[in-house]
1. Mind jotting down a quarter of the surface of the convex hull over the alpha carbons of segment B:5-90, in square nanometres, one decimal?
2. Please report, in whole Å³, the volume per residue of the convex hull around the C-alpha atoms of chain B.
3. Counting DSSP beta bridges in chain B, what percent are antiparallel, to the nearest 5?
4. Please give me, ordered by residue number, the chymotrypsin sites (Phe, Trp or Tyr not before Pro) of segment A:81-170 that lie in loop per DSSP and have at most 14 other Cβ atoms within 10 Å.
5. Rolling a 1.4 angstrom probe over the protein heavy atoms, how many square angstrom per residue are accessible across segment A:30-107?
6. Just to check, using Stokes-Einstein with a Kirkwood Rh over alpha carbon pairs, what's the diffusion coefficient of the protein assembly as shown at 4 °C and 1.567 mPa s in µm²/s?
7. For segment B:50-114, just say rounded, prolate or oblate: build the C-alpha gyration tensor, square-root its eigenvalues into a ≥ b ≥ c, call rounded for a/c under 1.5, and beyond that prolate if a/b exceeds b/c, oblate if not.
8. Starting from the Kirkwood Rh over alpha-carbon pairs, what translational D in µm² s⁻¹ does segment A:30-107 have by Stokes-Einstein at 25 °C and 0.890 mPa s?
Amino acid sequence: MSDGRDGVPEETADGEDATADGGHAATTPSTHTVRLELVDEPGQLLAALHPIAENGGNLLSIYHERGNKTPRGRIPVEVDFEATQERFEGIVEALRSEGVNVMQAGTERYAEEVTILLFGHLIDTDLSDTLSQIEACESASVADVSLAAPQGTEEVSSARLRLEARAGETEAALTAVRELAAEKDLRLVEPLTGVEA
Amino acid sequence: MRLAVVGAGAVGRSVVDLAGEYGHEVVAVADSSSAVVADGTDGRDAGVDPDAVVARKAERGIVGDGDPADALAADYDALVEATPTTLGDAEPGFSHVRTALERDRHAVLANKGPVAERFGDLRALVNDSDGEIRFEATVGGAIPAVSTVEDIEPGHVTAVRGVLNGTANFILTRMAAEGLDYEHVLAEAQDLGVAEADPSFDVDGTDAALKCVILANVLSFGAADDPADAREFTLDDADVSGIRDVPGSALRLAAEDGRTVRLIGEATGETVRVAPRLVPENGTLAVSGTQNIVQIETTHAGRLNISGRGAGGPETASAVLGDVGRLE
Ligand SMILES: NC(=O)c1ccc[n+]([C@@H]2O[C@H](COP(=O)([O-])OP(=O)(O)OC[C@H]3O[C@@H](n4cnc5c(N)ncnc54)[C@H](OP(=O)(O)O)[C@@H]3O)[C@@H](O)[C@H]2O)c1
């Protein structure tokens, strides 16, 4: 039935297939969205935009989410720009080396998504601190949280978290969450990564 | 083949009952306090009468008038080891298997203890013996996990994972379906005979871990050019967490997202891990009830899935008798 599909090589995130089809994807600029976290201080936004222009990115729009702070009290900013895949990767690297926290580097092929469950005394152990600590790990950001506390906040509760990890860094992100869970005596239910149903 | 069956519980009794159907003959049976050994005076063939043994066990709690040691000394081709699984020194199962190998006889194990805890010691005994060991029944009951890995060749298998404990799987399935908590569903499982009075072995992941340790040994020893270089695994090498504290709310959150939780065991030639894991609700690994599934990841043949009954007397006996057939 699905025999044909097995022969098609899976898309790789390292850009190899981009050259295989003539190199278009590598040289044609496409639109990228990057979510940055900025400290609430003057000049921060400008400093963050520098590495984009300097590394050949063409700025399209900036969406400053004032009033909507991240768990660590930072301001999320969404930036759209055009760049080739290669330059895009350079830009993300430059941003990170400037100390700008890049929460989610857009285009699907860059991000890996992973869903986990946490349970235990989530609220007593400061859920927002737990989330910030996950955010603080370079590899991933928390894209979505659902909480179920059927017995009230002092009893065992559960949370489902959708994490977005940088390409190839899902394992690093999971390791960080594992350590955090152990530290806070929370239980973690990991997905079977790399195993499609 | 002439079989000595040591252990007359659910598995041993089924082996005694079904051996004839597979063309084998039971020449001795032992339980913890008694034994029956065919005396060869029966005229036709020298086997014990399976119905009589099973009936006597049911009525009087013993299998015969002999001493259990008599069964070990009987004239058999293969010893079927079906005494309780024990950890650490894996006794008395290990000594039963040793006795058989030292007598240059084969041993077929349903007992996980010796293969999980003392695989290296067993290999050494096999090396000095004309006998062999087989242990299909120790992993996944009726599912041919070990022999499939052997057929593919352990060097071409990168990982084996799956749902290997029917009790834990039943509990997780019911929790998700009924929105109930662990304690409720455990009581139900105990009433149905799916869980034991003390369910620790199953719900804490120990049983699944032993099976994965056995698979890790098969992968490690099977892939090594020289068995002396192979890494030996025991339960201590396994990273194990169970399902006892999984709250109903976690299963609900998983279901909202098209997922569910299964106790998944994974073995490679380097690691053994058992833990509750998130899997797609309608995915291959999300088998329901007491079903088991074994998923084999291969280098050249993709992924193989085998699901089926992971426990039960006749199911496990079918794996035991399949092993006996491979020794002929
Ligand atoms: N049940 C399954 O579905 C299943 C599946 C796979 C593997 N296994 C494994 O297969 C083995 C047998 O399982 P089971 O369910 O049949 O167990 P069981 O019902 O508990 O039966 C164990 C039997 O071993 C006998 N026994 C204990 N110590 C003995 C000794 N020193 N010498 C001789 N016999 C001894 C017991 O004797 P008494 O009758 O006198 O107490 C009993 O008949 C276990 O290791 C189990 O882990 C079971």
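1. Average projection, Cα convex hull of segment B:5-90: 5.8 nm².
2. That works out to 128 Å³ per residue.
3. 60 percent
4. Nothing satisfies the criteria.
5. Accessible area per residue: 51 Å².
6. Details: Rh = 26.2 Å.
Estimated via Stokes-Einstein, D reaches 49 µm²/s.
7. Cα axes put segment B:50-114 in the oblate bin.
8. It comes out at roughly 199 µm²/s.
The values are calculated or read from the model by the stated rules, or taken from the named source; none is laboratory data. Every value quoted in this text rests on a predicted model; they were computed, and no experiment measured them. Glycine gets a Cβ as well: all are built from the backbone with ideal geometry, and neighbour counts include every protein chain shown. Please note that ligands, DNA and RNA were not included when accessible areas were found on the heavy atoms of the full protein model with its side chains. Shrake-Rupley method; radii C 1.70, N 1.55, O 1.52, S 1.80 Å.
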